[in-house]
Structures are given as structure tokens and as C-alpha cells.
Amino acid sequence: MTVSGRSATGVVPRPAPVTDALIASEPGDVVVGVDGSLSSRHALQWAIKEAECRHVRCRVIKVLTPDAFEVVDRRTELPVFEFLADQERALSALVADVVASGEGHPSTHVELIAGDPVQVLAETARDADLLVVGTRGHGALTSLFVGSVSSALLHRRVCPTVVIPSTADRSGGPAIVVGVDGSEGAARALRWAGHEAQRRRCALVVVHAWHVPVMLASPYAPTLAIPPGDCKQAGEEILAQALRELEPGAGVAVTARLVEGVADLELVAVAVDAALIVVGGRGHAGLTAAILGSTSWGCLHHSDCPVAVIP
């Protein structure tokens with residue numbers, strides 16, 4: 001069930017009639033999930049600005065869960081059609097307010113969709129260029145975009161997914177930071193980050209974090225599994241190979257950073273003033289892992305700038 005509205009220059013005051021169709025986005029679309037929370041407002045602001053910079057449509061999706069309708073059913077003084085009308089007005093007002101606070105005339109498509117948040121957002125964003133979510137929901141949807149829903153969306157690997165923390169600087173930063181570990185997932189993330197740097201005309205910082213693994217030979221005598229020099233050399237080779245495979249566009253300044261430490265914390269530290277952190281959805285298992293699931297989630301939980309996870 002969808003309540004939708006479309007406009008070439010903003011948000012229409014009255015969406016189209018309710019339908020049962022769930023339509024996948026067109027290539028190039030930016031899809032953003034909102035739930036009325038402050039966090040999702042930040043995601044909406046970022047998504048609308050991003051869609052306008054890309055000259056594409058922004059699909060704004062609010063998912064109405066079965067729980068929401070159960071509450072309405074128990075409140076006989078509020079018929080379902082009035083509930084939908086209230087939700088429609090609130091969503092349209094939110095998008096109109098965000099559009100008015102920016103510059104330009106973004107193309108938006110506003111929809112209320114009843115169903116499961118993971119299924120709805122994944123299906124809607126199936127052919128989109130970007131799926132954008134905030135870090136936290138509220139009310140009955142607590143942790144909607146940081147807990148099970150966010151995790152499920154990232155594991156479905158639908159399309160590049162950008163998670164926007166409430167602390168993100170919406171003006172953007174001077175560079176894109178991407179983590180590499182020699183895996184195919186990291187290679188895809190690097191290619192995506194290179195294209196984004198060219199499109200945004202900003203610098204690209206390629207980071208590999210290495211560390212010395214420790215093996216417990218006994219409870220009282222931890223030992224180094226591999227000599228530190230070998231670990232660092234392996235990291236240098238991974239970073240050099242990534243740079244050889246990178247084909248940056250004209251005007252993109254590329255900086256390589258080899259750092260020692262825990263991958264997610266080092267990426268966040270390097271990206272303190274960045275526009276975006278880019279990581280692969282999966283990395284290598286083993287001693288030189290930099291873009292494991294734990295690294296991606298560590299960036300999502302600790303970063304103050306948007307984090308893009310590339311499937």
C-alpha cells in the first residue's frame with residue numbers, strides 16, 4: 001500500500017491515491033528511509049542534497065509497520081483513513097521543510113508504504129544508486145536504522161548504502177576516505193570511492209590499517225604470531241597494489257595512508273574532517289583484515305561523518 005507524490009521541483013501537497021504496488025527505483029535514484037525522528041531528518045537532508053548534486057530524483061520512504069495499524073485499530077476514534085491522512089501531511093510537511101531550508105529545486109517522490117521496513121526499503125532501492133538511512137529511529141521503531149533493520153539491509157547488499165549520523169556536517173568535507181585490505185570487496189569500495197571523488201571534485205585518501213596479531217601460547221606469555229616488520233611490509237604491499245589498480249579521474253588528488261592499529265578506529269581518526277568514509281561490505285578473513293564486518297560496523301558506530309558501505 002503506497003501513498004505517493006511526485007514533483008519536478010519539490011513536494012506536491014496531495015499524494016496520489018493508495019495502491020498496492022511496490023515499485024523498484026529507477027537507476028540513478030537516491031532512496032531515503034525516514035520515520036519522523038531527528039536522526040532520519042539528518043538522513044533526509046543529506047539524501048535530498050545528494051540527489052540534487054547528482055541531478056536525480058530522491059525517493060522519500062516512510063514505512064508504516066503492522067504495529068502502527070494495530071494502534072489505530074484500538075483507537076476507534078481515529079479511523080484508518082484519518083491516520084493515513086495525518087501521516088501523509090506530516091511526511092509532506094517534513095520534506096517541504098527540508099527542501100525549503102536548502103537551495104535549488106530538488107526532484108522528490110514522497111511515499112507512505114505499509115509493510116516490513118527491511119523488505120520495503122530493500123525492494124524499493126533494488127535498482128537505486130544509493131540507499132540512505134539515519135542511525136536511530138524512535139517510538140515503536142526504536143533503533144530502526146541502527147539495529148536489526150540496518151543490519152538486515154546491509155547484509156542484503158541491495159546497493160551502496162550510506163548511514164548518516166546525527167553529528168554529520170551536512171556541508172561535507174574536503175576528502176573521501178576509503179579503507180582497503182586487498183579483498184575484492186575493498187576493491188569495489190575503492191572503485192566506487194574513486195568515482196565519487198571525481199564527481200565531487202574532492203581528494204581521495206586510501207587507508208590500510210595493519211596490526212600485529214597476538215597468539216596466546218600460555219595465559220601468562222602472549223607472543224607475537226608474526227614479526228611486526230612482516231606485518232607492516234604486507235600492509236605496504238596491499239596499499240601499493242590498491243593504488244596500482246586505482247584509476248582516479250582527472251583532478252583527483254590521491255593520498256595513501258598506511259597506519260598501525262585497529263582498522264575501524266584508524267579509519268574514523270583519518271576521516272575526522274572527511275565528507276564520507278567508504279568501506280566494503282566484506283573483507284578478508286585473516287591477519288591483514290581491514291574491511292571485515294566488524295570494521296564496517298565499527299565505523300558506523302564511531303564515525304561523525306557519513307559512512308558508505310559498498311556491496
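The values are calculated or read from the model by the stated rules, or taken from the named source; none is laboratory data. Just so it is clear, the model here is predicted, and its values are computed rather than measured. Note that we place each Cβ from the backbone using ideal geometry, even for glycine, and neighbour counts take in every protein chain shown.
Cys299 - would you say it is in a helix (DSSP H, G or I), surrounded by 14 or more Cβ atoms within 10 Å (Cβ to Cβ) and at pLDDT 85 or above? Criteria met by Cys299. Restricting the search to helices (runs of 4 or more DSSP H) fully inside the stretch 1-111 and requiring at least 1 residues that are in contact with a strand residue (DSSP E or B) (Cβ under 6 Å, 6 or more places away or on another chain) and at pLDDT 85 or above gives 38-54, 80-101. Residues in the stretch 125-165 that are under 30 Å from Arg257 (Cα atoms), surrounded by fewer than 19 Cβ atoms within 10 Å (Cβ to Cβ) and at pLDDT below 75: Ser151 alone.
Screening the stretch 235-283 for residues that are in a strand (DSSP E or B), in contact with a Gly (Cβ under 7 Å, 6 or more places away or on another chain) and not small (Gly, Ala, Ser) and picking the one that is surrounded by the most Cβ atoms within 10 Å (Cβ to Cβ) gives Val279.
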